[in-house]
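Only the coordinates and a few stated rules stand behind these numbers; no lab work does. Keep in mind it's a predicted model, so treat the numbers as computed, not measured. Positions of Cβ are backbone-derived with ideal geometry, glycine not excepted, and every protein chain shown enters the neighbour counts.
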Amino acid sequence: MICGEGVEGVGDVLPRGRESLVAASALPPIRLHDPRRGATTFALAGGVDMKVVSEMLGHSSIKITSDIYTSVLPEIAKDAAEAAAKLVPLQRKTEAEAHAKAATKAAAEAEKAKRKAAKKAKFKAKKAKG
């Protein structure tokens, strides 16, 4: 389990002596659950399944973990929405795609007309000679 929940003495020792430990370490003060929250946040951001994280934390339900930690990472929600959107086929092309397709088609038709005119001119020249 991450943290010292349920460990005898943790609740007694840290809060009382914490100020002197923090002062001696020259580190910024942190709350007891900050490392736990940080580890959980990194696990979720790294793609660890919510059920695994829930068990790691010792939560009785995945709902508890989800309620507490999903608000921490809005980018997880964004990534999930983008992943779902990729599964849905686009029904309409964007305007830029439609214009590009029309331009390509027009260029192909112009090239075809040019070849046809050249062939016709060649045929007329051949007919005039002979």
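Our coupling estimate for the stretch 26-32, obtained by passing each phi through the Karplus curve with A = 6.51, B = -1.76, C = 1.60 and θ = phi - 60°, is 6, 9, x, x, 10, 7, 4 Hz, Gly and Pro reported as x.
With Cβ to Cβ distances under 14 Å as the rule, what net charge do the other residues near Ser66 carry (K, R +1; D, E -1)? Write down the numbers at each step before the final one.
Numbers: positive: Lys51, Lys63; negative: Asp49, Glu55, Asp67.
Cβ neighbours under 14 Å give a net charge of -1.
The lysines within cross-link reach of Lys63, meaning a Cα-to-Cα straight distance under 18 Å and a gap of 8 or more places when in the same chain, are Lys51. Straight-distance candidates among the lysines for linking to Lys120, with alpha-carbon spacing under 27 Å and chain neighbours fewer than 8 residues away dropped: Lys105, Lys112, Lys129.
Taken along the Cα-to-beta-carbon direction at a fixed 7 Å, the label points for Glu111 and Ser25 span 6.8 nm. Residues whose amide H lies under 5 Å from that of Thr70, counting only those 5 or more places away or on a different chain, are absent; hydrogens are built 1.01 Å from N in the peptide plane. Protection proxy ranking of 36-44, 81-89, 101-109, by the mean of other Cβ atoms within 10 Å over each peptide's residues and highest first, is 36-44, 101-109, 81-89. For Lys127, a cut-off of 22 angstrom between C-alpha atoms picks up these lysines, skipping any fewer than 8 places away in its own chain: Lys114, Lys116, Lys119. Comparing Cα centroids, the stretch 91-130 and the stretch 43-72 end up 61 angstrom apart.
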